[in-house]
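K.L.:
Got a structure for you, questions after.
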Amino acid sequence: MTPYNFTSVLVAVDGSDGSRKALDCALSIAQAVGAAVTALAVEGKLPAYAASVGEVDEVKHEKDQFFNDVLEHAKDEAYERGIEIDTDLVPGHAAEVITHYAKAHGHDLIVVGHRGHFLGDYLLGSTADRVTHHAHCPVMVVR
Amino acid sequence: MDATQLAAVLAGVVLLASMVSVELGISVALIELTLGVIAGNLFHLNANQPWLVFVASFASIVLTFLAGAEVDPDDFRERFGASVSIGLVSFAGPFIVAWVVADGLLGWTTRASLIAGTALSTTSLAVVYAVLVETGLNATRIGKLIMSACFVTDMATAVALSAIFIKPNAWFPVFLLVSVIAIVGLPKIAPWFFSRYGNRVIEPEIKLVFAVLFVLMVVADQAKGHAVLPAFVLGLVMARHYQRHRTEQERLRVVAFAFLTPFFFLRGGMNVSLGAVFANLGLLAVLFAAKLVPKIGLIMPLAKRFVPKHATFTTLLMSTGLTFGTISSLYGLNAHIINRTQFSLLITVVVLSAIIPTAIAQRWYSPDVDAEHKAAREHYETIKPQPEPVPVGDNQ
């Protein structure tokens, strides 16, 4: 496989500016090299150490709605450019899920945005940093 | 500081707690407890103003009702034996060990030691639920087993808190009778009442639930008991109704989390003396061990039997605690069974037990979600009822 012969691109989306740019880039690559493309949203960060099931349920419901909208947007973008796209919504910790998913589904390029949404990214390093460290394949970080 | 001034300050703290919770992705209850500790220790706010004590006491009963209403009865039935075994051992082990340690080793009074046993025997269904949902394990067999076992532990804690500290008097039969009437009657009248008066901005259905809970508190007080058990069971018998009417449950949660429970957790934090905690780090370690050692030592063998692949994960999640531990400790403080130092130590152990076992379970022992979902699918395929054969000549 040459660096420009990607066959299956995984793009991580979370509704942030960075992820929108990543989606745009992933679709361009897929279009240029004829690769399949999958948009993956990772639903993490439910309230840790919750005091009631209701608190968890409410946040989960909001996240379901939010990420489904994000994935619908990814489908619309791909459709407008005449590209077929798969979408998936998986619970878990973003970097861990993205790298695990890419390996399990045989993706040969991961595209991620430079910075996500959360304050934790500023404090602990971004999801993109962690994906680049642990991925089994090339990772493109889009600014 | 008068009542209005304190309310204004605490309203600001509650608002700040909500914002910090959203930004950090940590439960608002834990942030409220923490900010309560800071406010109480830095600014010496009075945590015992009558209005605050009253709101916090009612909030604890509403929280208990909600905890019962959040149980899924179908999940519980699925692995009844395993759930009951793990849940009861999860309660009894730390209850006895913490009681004996506090009584024999730390020299606490018998009643204070029993509060320690109750507060440290709990398992947090909510903390566990968040971990299971976040990893997608809530729909798997192991997830359902752990949640059911948590429910059994919660139930045992509610029984202990209600039964151990009661001093039966002439009001006790009345308390018993009113509890039974509420538990039997509310699910029966709820469908009619909610359809006749529900879905209005004035929320008669919430007022009905609150009225019943207030009545339970009144008769429990008169009987020198605690309404936690009937409130929990009342929630439990209403669980099916709320499963069918999610909006009603959500509205009740909104009222509870917007106004009531913040003051419960803030007050809990405000009563914690950081000086007492730092002066008694050795006792803190002993009490932490009194919770964790029996939980791990007794649950692990059962978990190895029922869920051999995920015994450590199950054991660690069953070792968590938060809401019921806080409720038990605050009850002990309000009833003057424990002093502020003992309360501070118990709450600190409860909070540590919410964080440490959860973090270890998530970091090192989280099961393979894909494999668990596959196992769950295979299990449900094998127990799926087969279609009845169509009689010959009757197939048109």
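The values are calculated or read from the model by the stated rules, or taken from the named source; none is laboratory data. Here the structure is a predicted model, which means the values were calculated and not measured. Positions of Cβ are generated from backbone atoms using ideal geometry, with glycine treated the same way; all protein chains shown enter the neighbour counts.
K.L.:
If you check residue B:57 against the conditions, is it of a type in the set (S, T, N, Q) and within 14 Å of chain A (Cβ to nearest Cβ)?
P.N.:
Answer is no for this residue.
K.L.:
Looking only at segment B:117-143, how many residues end up being of a type in the set (A, V, I, L, M), over 15 Å from residue B:326 (Cβ atoms) and in contact (Cβ under 8 Å) with a residue 12 or more places away in the chain?
P.N.:
Count: 7.
K.L.:
Residues B:226, B:245, B:241: which one is buried (at least 21 other Cβ atoms within 10 Å of the Cβ) and not hydrophobic (A, V, I, L, M, F, W, C)?
P.N.:
When all the criteria are applied, what remains is B:226.
Matching residues to (1) out of contact with any Lys or Arg (no Cβ under 8 Å at 6 or more places or on another chain); (2) within 21 Å of residue B:95 (Cα to Cα):
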residue: B:277; (1), (2): yes, no
residue: B:290; (1), (2): yes, yes
residue: B:310; (1), (2): yes, no
residue: B:315; (1), (2): no, yes
residue: B:333; (1), (2): no, yes
residue: B:350; (1), (2): yes, yes
residue: B:359; (1), (2): yes, no
residue: B:367; (1), (2): no, no
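K.L.:
Look at segment A:85-133 and say how many of its residues are touching a Gly at 6+ places or on another chain (Cβ under 8 Å), of a type in the set (Ser, Thr, Tyr) and modelled with pLDDT under 80.
P.N.:
Adding up the residues that qualify gives 1.
K.L.:
Something else about it: Take the residues of segment B:248-302 that are of a type outside the set (A, V, I, L, M, F, W, C) and more than 23 Å from residue B:355 (Cβ to Cβ): which is surrounded by the fewest Cβ atoms within 10 Å (Cβ to Cβ)?
P.N.:
Keep residues of segment B:248-302 that are of a type outside the set (A, V, I, L, M, F, W, C), which gives B:248-251, B:253, B:261-262, B:267-269, B:271, B:273, B:275, B:280, B:282, B:291, B:294-295, B:297, B:301.
Keeping just the survivors that are more than 23 Å from residue B:355 (Cβ to Cβ) gives B:248-251, B:253, B:301.
Details: B:248: 20, B:249: 20, B:250: 14, B:251: 16, B:253: 21, B:301: 12.
Per the stated criteria, the residue is B:301.
K.L.:
Select from segment A:1-58 the residues that are of a type in the set (Lys, Arg) and modelled with pLDDT of 90 or more and write down the one among them that is surrounded by the most Cβ atoms within 10 Å (Cβ to Cβ).
P.N.:
It comes out as A:20.
K.L.:
Answer yes or no as to whether residue B:83 is among the polar types (S, T, N, Q), buried (at least 19 other Cβ atoms within 10 Å of the Cβ) and within 11 Å of chain A (Cβ to nearest Cβ). I'd like the intermediate steps shown before the answer.
P.N.:
Details: among the polar types (S, T, N, Q): yes; buried (at least 19 other Cβ atoms within 10 Å of the Cβ): yes; within 11 Å of chain A (Cβ to nearest Cβ): no.
No, not satisfied.
K.L.:
Give all pairs with beta carbons closer than 6 Å in which a residue from segment A:41-53 that is within 17 Å of residue A:18 (Cβ to Cβ) and within 7 Å of chain B (Cβ to nearest Cβ) meets a residue that is surrounded by 24 or more Cβ atoms within 10 Å (Cβ to Cβ) and at pLDDT 80 or above; count only pairs at least 6 apart in sequence or on separate chains.
P.N.:
A:44/A:94
K.L.:
Looking only at segment B:317-336, count how many residues are over 11 Å from residue B:122 (Cα atoms) and either free of Cβ contacts under 8 Å to residues at least 40 places away in the same chain or assigned to a loop (DSSP other than H, G, I, E, B) (or both).
P.N.:
Looking only at that region, the number is 2.
K.L.:
With the condition kept exactly as written, say whether any residue in segment B:243-254 is basic (Lys, Arg), over 23 Å from residue B:13 (Cβ atoms) and within 14 Å of another protein chain (Cβ to nearest Cβ).
P.N.:
Yes, the conditions are met somewhere in segment B:243-254.
K.L.:
What helices (runs of 4 or more DSSP H), lying completely within segment B:33-133, carry at least 2 residues that are of a type in the set (Asp, Glu)?
P.N.:
On the way: elements: B:50-69, B:73-78, B:80-100, B:110-120.
So the answer is B:73-78.
K.L.:
Next up: Among the residues of segment B:41-55, how many are under 11 Å from residue B:1 (Cα atoms), surrounded by 15 or more Cβ atoms within 10 Å (Cβ to Cβ) and not aliphatic (A, V, I, L, M)?
P.N.:
Total meeting the criteria: 1.
A quick yes/no check of all residues on (1) of a type in the set (D, E, K, R); (2) part of a strand (DSSP E or B); (3) within 17 Å of the chain's Cα centre (by Cα); (4) at positive phi:
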position: A:6; (1), (2), (3), (4): no, no, no, no
position: A:27; (1), (2), (3), (4): no, no, yes, no
position: A:51; (1), (2), (3), (4): no, no, no, no
position: A:62; (1), (2), (3), (4): yes, no, no, no
position: A:77; (1), (2), (3), (4): yes, no, yes, no
position: A:96; (1), (2), (3), (4): yes, no, yes, no
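K.L.:
Residues in segment B:144-179 that are free of Cβ contacts under 8 Å to residues at least 60 places away in the same chain and not hydrophobic (A, V, I, L, M, F, W, C): how many?
P.N.:
Here the count works out to 5.
K.L.:
For segment B:310-349: of the residues being under 26 Å from residue B:137 (Cβ atoms) and within 11 Å of another protein chain (Cβ to nearest Cβ), which is farthest from the chain's Cα centre (by Cα)? Reasoning before the result, please.
P.N.:
We begin by selecting, within segment B:310-349, every residue under 26 Å from residue B:137 (Cβ atoms); these are B:310-326.
Next cut, within 11 Å of another protein chain (Cβ to nearest Cβ) only: B:320-326.
Details: B:320: 11, B:321: 8, B:322: 7, B:323: 4, B:324: 4, B:325: 7, B:326: 9 Å.
By that ranking, first place goes to B:320.
K.L.:
For segment A:62-70, state whether one or more residues are surrounded by 14 or more Cβ atoms within 10 Å (Cβ to Cβ), without any contact (Cβ under 8 Å) to a residue 40 or more places away in the chain, charged (D, E, K, R) and at the interface with chain B (Cβ under 8 Å from one of its Cβ atoms).
P.N.:
Looking through segment A:62-70, none of the residues is surrounded by 14 or more Cβ atoms within 10 Å (Cβ to Cβ), without any contact (Cβ under 8 Å) to a residue 40 or more places away in the chain, charged (D, E, K, R) and at the interface with chain B (Cβ under 8 Å from one of its Cβ atoms).
K.L.:
Moving to a separate point now. Restricted to segment B:119-149, and to residues that are among the β-branched types (Val, Ile, Thr) and over 25 Å from residue B:60 (Cβ atoms), which residue is farthest from the other protein chains (Cβ to nearest Cβ)?
P.N.:
B:142
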